[in-house]
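Notes for the one structure printed next.
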Amino acid sequence: MSWRRGGSGGDGGVSRRWAVLLCVGSFCLGLLFTNRMWTLPEASEIARPNANVEEGTVPIAAECGSKKVQEKQDYRDILQVQDSHHDVQTLDKTIASLETELSAARSLQESLLNGSPVAEEYKVSESIGRRKYLMVIGINTAFSSRKRRDSIRYTWMPQGEKRKKLEEEKGIIIRFVIGHSAISGGIVDRAIEAEDRKHGDFMRIDHVEGYLALSGKTKTYFATAVSLWDADFYVKVDDDVHVNIATLGQILSKHALKPRVYIGCMKSGPVLSEKGVRYYEPEHWKFGESGNKYFRHATGQLYAVSKDLATYISINKHILHKYINEDVSLGSWFIGLDVEHIDDRRLCCGTPPDCEWKAQAGNVCAASFDWRCSGICNSEGRIWEVHNKCAEGEKALWNATF
């Protein structure tokens, strides 16, 4: 294309004036088009409920709408969190139940593998489902304690049909707890088997008997009991202690809805480091300087633990440390756990006149013994005196509601 200086276009050329006008026109059209693109409304301003609403109010309405949407979303999130929390709690309960059943199965399997006898009621419960009991009372006894056992049978422990009635109507199991001798099947084992055939009130456990092995016996008792019976509480009592069963049941039933309960007469005695003295502690160095005291724990004559604690002992029995004193061992197993310690002095009354005066005042004791003997002194003969003066009466047991 050639440019000409003249105003006329001789050979088809374009004059300079027309070229300038075309450029200016193109520029204006470009500005107009670009301006329309820049002023397109935002998406939040297009969806307006009323076309006559002033422009200044549109963003506020959009903000309110977005806030409502956010609030709904937050509410949904809260509901989801609550549902998740409920699911976690349900899962925890399911896991705890499965652990209990697993522990029971393991204990039963170990008993079968070791040739230990299995209670008939457990065999029946496998086919019809396990019944719920209030408490299992395990009376710690030894091979040489036949007279003590007989004195209990004829005082505070129901016999024969009455014991079965106690189990069926009140949900209370009572058994003498004993293991076996170092030579299984020896004369003392056969004597216990004969006694059990006569009375049917023993719980045989997989444990070698011995005074210095009481901590191990306690672990095995709880593990075996929780596998045989589904109860709210598991009680251990010595065979030289007098017990009022109805009063004990009333004390425990008040705590039946609480988790991880440890009930007894709580104490904190000195740690004895001198060899030869009674209750000498070989591991005294673990408790600090000489003269220190033990942590708080229940006295060994009688104590009770809730089902979840008995299950905990059963599951962890192979790794729980055993001190020489079984009451110290039991207390040590619960250190670091969220356990409620309940101190009830009705579980450690003295023999007459102490328990007698309290009974006359309407404050019947659940357990009575002599502190100086760690049980009733000469219990084979004196437990009759304690029973006559401090017993709650047979009607109290059968009329009790737990």
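Points worth noting:
- Residues located in region 316-357, provided they are open to solvent by 60 Å² or more (accessible area, probe 1.4 Å), part of a helix (DSSP H, G or I) and either touching a helix residue (DSSP H, G or I) at 6+ places or on another chain (Cβ under 7 Å) or among the aromatic types (Phe, Trp, Tyr) (or both): ARG346, TRP357
- Residue within region 304-314 that is open to solvent by less than 20 Å² (accessible area, probe 1.4 Å), out of contact with any Phe, Trp or Tyr (no Cβ under 8 Å at 6 or more places or on another chain), in contact (Cβ under 8 Å) with a residue 40 or more places away in the chain and closer than 16 Å to VAL235 by Cα present: yes
- Any chance LYS317 is of a type outside the set (Phe, Trp, Tyr) and either within 19 Å of VAL136 (Cβ to Cβ) or without any contact (Cβ under 8 Å) to a residue 12 or more places away in the chain (or both): yes
- Extreme residue, surrounded by the most Cβ atoms within 10 Å (Cβ to Cβ), among residues of region 226-252 that are more than 18 Å from SER374 (Cα to Cα) and of a type in the set (Val, Ile, Thr): VAL226
- Looking at VAL277, VAL271, VAL261, just one residue is open to solvent by less than 80 Å² (accessible area, probe 1.4 Å), hydrophobic (A, V, I, L, M, F, W, C) and closer than 26 Å to ILE173 by Cβ, and that residue is VAL261.
- Where a residue in region 259-276 is farther than 12 Å from GLN301 by Cα and its partner, wherever it lies, is open to solvent by 80 Å² or more (accessible area, probe 1.4 Å) and part of a loop (DSSP other than H, G, I, E, B), with Cβ under 7 Å and at least six apart: ARG260/ASP338; SER268/ARG296; LEU272/TYR279; SER273/SER290
- All positions within region 163-186 that are at pLDDT below 95 and out of contact with any helix residue (DSSP H, G or I) (no Cβ under 6 Å at 6 or more places or on another chain): ALA182, ILE183, SER184, GLY185, GLY186
- Checked against (1) out of contact with any helix residue (DSSP H, G or I) (no Cβ under 9 Å at 6 or more places or on another chain); (2) over 30 Å from SER227 (Cα atoms); (3) open to solvent by less than 10 Å² (accessible area, probe 1.4 Å), PRO282 meets all criteria but (3).
- Scanning region 149-172 for residues that are open to solvent by less than 10 Å² (accessible area, probe 1.4 Å) and either in a loop (DSSP other than H, G, I, E, B) or more than 25 Å from TRP384 (Cα to Cα) (or both) gives MET157, GLY171.
- Residue, most open to solvent (accessible area, probe 1.4 Å), within region 173-194, restricted to residues that are farther than 19 Å from VAL237 by Cβ and charged (D, E, K, R): ARG190
- The single condition among (1) outside any helix (DSSP H, G or I); (2) open to solvent by less than 10 Å² (accessible area, probe 1.4 Å) that HIS255 does not meet is (2).
- Listed by first and then second residue, the pairs linking a residue in region 377-402 that is part of a helix (DSSP H, G or I) to a residue that is exposed (fewer than 15 other Cβ atoms within 10 Å of the Cβ) and modelled with pLDDT of 95 or more, with Cβ atoms under 7 Å apart and 6 or more places separating them unless they lie on different chains, are GLU380/LYS147.
- Selection count, region 340-374, where residues are within 22 Å of TYR262 (Cα to Cα) and either hydrophobic (A, V, I, L, M, F, W, C) or without any contact (Cβ under 8 Å) to a residue 12 or more places away in the chain (or both): 10
- Scope region 195-205; condition in contact (Cβ under 8 Å) with a residue 24 or more places away in the chain and either surrounded by fewer than 17 Cβ atoms within 10 Å (Cβ to Cβ) or among the aliphatic types (A, V, I, L, M) (or both); matching residues: HIS199, MET203, ILE205
- Residue list for region 358-400, filter: among the β-branched types (Val, Ile, Thr) and buried (at least 23 other Cβ atoms within 10 Å of the Cβ): ILE376, ILE383, VAL386
The values are calculated or read from the model by the stated rules, or taken from the named source; none is laboratory data. Note that the coordinates shown come from a computational prediction; the quantities given were computed from them, not determined experimentally. Cβ coordinates were reconstructed from backbone atoms using ideal geometry, including for glycine residues, and neighbour counts include every protein chain displayed. Ligands, DNA and RNA are excluded from the accessible area calculation, which covers all protein heavy atoms including side chains. Shrake-Rupley method; radii C 1.70, N 1.55, O 1.52, S 1.80 Å.
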